[in-house]
Amino acid sequence: MQSKNEPPTILLLGDSFANQHYPGFATNSKLTHHSILSIGTCGMDSDGTGVDVRNPCFGDRPKNQATFINSIIKSTSSLKFVIIDGLFKIPNLSTIDKTLERIQFLEKFDLQVVIFLPHLAPGFDTKACFRSPFYQNPKDCLVPSSYRKDLVNNFNPLINAVKNKYPKVLFFDQNEIFCDRDDNNCSFIRDKLPLHRDTSHISEYAS
């Protein structure tokens with residue numbers, strides 16, 4: 001998906017957890033001078049194992065996709081920023097190594113890399129947070145803020161590895177949208193609207 005018929009300046013890179021940010025980026029008034037390109041099906045840490053043969057990330061498909069994306073990066077001098085999301089919430093050594101390898105490739109083209117920290121996900125359909133009829137005020141649908149702290153702590157090995165080797169890389173904690181109003185709790189509802197469209201992906205409103 002691309003927001004303009006112009007050479008892209010921002011690339012959303014990863015899996016569906018990267019693609020979910022496209023609506024927000026494409027309609028953000030502060031980014032109107034940018035052209036947003038969202039491309040990716042398999043996460044950077046996908047190895048093609050453990051999925052069904054019909055899955056777009058089966059076998060050598062992640063490798064082929066990475067080759068295709070790399071060819072776009074090499075031939076698109078207009079790119080300035082790469083936003084990465086969808087990395088494992090508890091990164092293993094393989095995830096860290098693949099991330100460092102990808103950053104090394106991106107920085108060769110003088111691209112500013114921004115890694116989004118994993119986001120809170122309810123694990124259930126947030127329609128359950130709303131009473132019936134739909135227009136009435138929703139339930140609180142809260143989770144302890146400690147969940148957010150655990151996400152960051154689990155992701156820290158990757159953060160530290162990247163910062164040590166590539167200090168120019170920026171990190172963005174997208175969980176502020178869930179947790180900025182209460183020191184003790186985070187909510188999956190904001191302004192009476194759901195922040196997720198399913199059990200794990202954020203809604204267009206949240207984007």
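The values are calculated or read from the model by the stated rules, or taken from the named source; none is laboratory data. All values derive from a computational prediction rather than experimental measurement. Methodologically, a virtual Cβ is constructed for each residue, glycine included, from the backbone with ideal geometry; neighbour enumeration extends over all protein chains shown. Heavy atoms of the whole protein, side chains included, go into the accessibility calculation; ligands, DNA and RNA do not. Shrake-Rupley method; radii C 1.70, N 1.55, O 1.52, S 1.80 Å.
Evaluate the following for residue 155: is it aromatic (Phe, Trp, Tyr) and open to solvent by less than 30 Å² (accessible area, probe 1.4 Å)? Before you say what the answer is, go through the steps one by one.
Working: aromatic (Phe, Trp, Tyr): yes; open to solvent by less than 30 Å² (accessible area, probe 1.4 Å): yes.
Yes.
Which one of these is more than 30 Å from residue 180 (Cα to Cα) and not hydroxyl-bearing (Ser, Thr, Tyr): 63, 80, 89? Steps first, answer last, please.
Working: 80 fails: more than 30 Å from residue 180 (Cα to Cα); 89 fails: more than 30 Å from residue 180 (Cα to Cα).
So the residue among 63, 80, 89 that is more than 30 Å from residue 180 (Cα to Cα) and not hydroxyl-bearing (Ser, Thr, Tyr) is 63.
Of the conditions (1) at pLDDT 95 or above; (2) surrounded by fewer than 19 Cβ atoms within 10 Å (Cβ to Cβ); (3) under 19 Å from residue 206 (Cα atoms), residue 115 clears all except one; give me its number.
Tallying (1) at pLDDT 95 or above; (2) surrounded by fewer than 19 Cβ atoms within 10 Å (Cβ to Cβ); (3) under 19 Å from residue 206 (Cα atoms), residue 115 fails exactly one: (2).
Filtering the range 85-112 down to residues that are part of a loop (DSSP other than H, G, I, E, B) and over 20 Å from residue 207 (Cβ atoms), which residue is nearest to the chain's Cα centre (by Cα)?
At the first step, the residues of the range 85-112 found to be part of a loop (DSSP other than H, G, I, E, B) are 86-92, 108-111.
Pick out the ones that are also over 20 Å from residue 207 (Cβ atoms) and you get 88, 90-92, 108-111.
On the way: 88: 11, 90: 15, 91: 14, 92: 18, 108: 22, 109: 22, 110: 21, 111: 18 Å.
Restricting to residues being part of a loop (DSSP other than H, G, I, E, B) and over 20 Å from residue 207 (Cβ atoms), the top hit is 88.
Name every residue in the range 189-207 that is over 17 Å from residue 123 (Cβ atoms) and in a strand (DSSP E or B), in order of residue number.
Quick first cut of the range 189-207, residues over 17 Å from residue 123 (Cβ atoms) only: 190-193, 204-205, 207.
Passing the criteria: 190, 193.
I'm checking my understanding of the structure. Among residues of the range 166-188 that are among the polar types (S, T, N, Q) and not in a loop (DSSP other than H, G, I, E, B), which one is surrounded by the fewest Cβ atoms within 10 Å (Cβ to Cβ)? If you could, list the steps in order and put the result at the bottom.
Step one: of the range 166-188, the residues among the polar types (S, T, N, Q) are 174-175, 184-185, 187.
Those left that are additionally not in a loop (DSSP other than H, G, I, E, B): 185, 187.
On the way: 185: 17, 187: 20.
Only one residue fits best here, namely 185.
Listed here are the residues, each with its yes/no results for (1) of a type in the set (A, V, I, L, M); (2) under 30 Å from residue 150 (Cα atoms); (3) out of contact with any Asp or Glu (no Cβ under 6 Å at 6 or more places or on another chain); (4) without any contact (Cβ under 8 Å) to a residue 12 or more places away in the chain.
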{"residue": "23", "(1), (2), (3), (4)": "no, yes, no, no"}
{"residue": "36", "(1), (2), (3), (4)": "yes, no, yes, no"}
{"residue": "50", "(1), (2), (3), (4)": "no, yes, yes, yes"}
{"residue": "61", "(1), (2), (3), (4)": "no, no, yes, no"}
{"residue": "100", "(1), (2), (3), (4)": "yes, yes, yes, no"}
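What number of residues within the range 72-117 are among the small types (Gly, Ala, Ser) and closer than 17 Å to residue 45 by Cβ?
Looking only at that region, the number is 2.
From the set of residues in the range 1-21 that are surrounded by fewer than 20 Cβ atoms within 10 Å (Cβ to Cβ) and among the polar types (S, T, N, Q), which is modelled with the highest pLDDT? Before the answer, list the steps.
Of all residues in the range 1-21, those surrounded by fewer than 20 Cβ atoms within 10 Å (Cβ to Cβ) come to 1-2, 4-7, 9, 16.
In the following step, the residues that additionally are among the polar types (S, T, N, Q) were identified as 2, 5, 9, 16.
On the way: 2: 94, 5: 93, 9: 98, 16: 92.
Of everything passing the filter in the range 1-21, 9 is modelled with the highest pLDDT.
Determine which member of the set 150, 140 is among the acidic types (Asp, Glu) and in a helix (DSSP H, G or I).
Values: 140 fails: in a helix (DSSP H, G or I).
The unique qualifying residue is 150.
Name the residue that is least open to solvent (accessible area, probe 1.4 Å), counting only residues in the range 33-83 that are of a type in the set (Ser, Thr, Tyr) and in a loop (DSSP other than H, G, I, E, B).
Kept after step one, since they are of a type in the set (Ser, Thr, Tyr), are these residues of the range 33-83: 35, 38, 41, 46, 49, 67, 71, 75-78.
Checking which are in a loop (DSSP other than H, G, I, E, B) leaves us with 35, 41, 46, 49, 76-78.
Working: 35: 2, 41: 71, 46: 35, 49: 94, 76: 25, 77: 111, 78: 29 Å².
Ranking the qualifying residues of the range 33-83, first place goes to 35.
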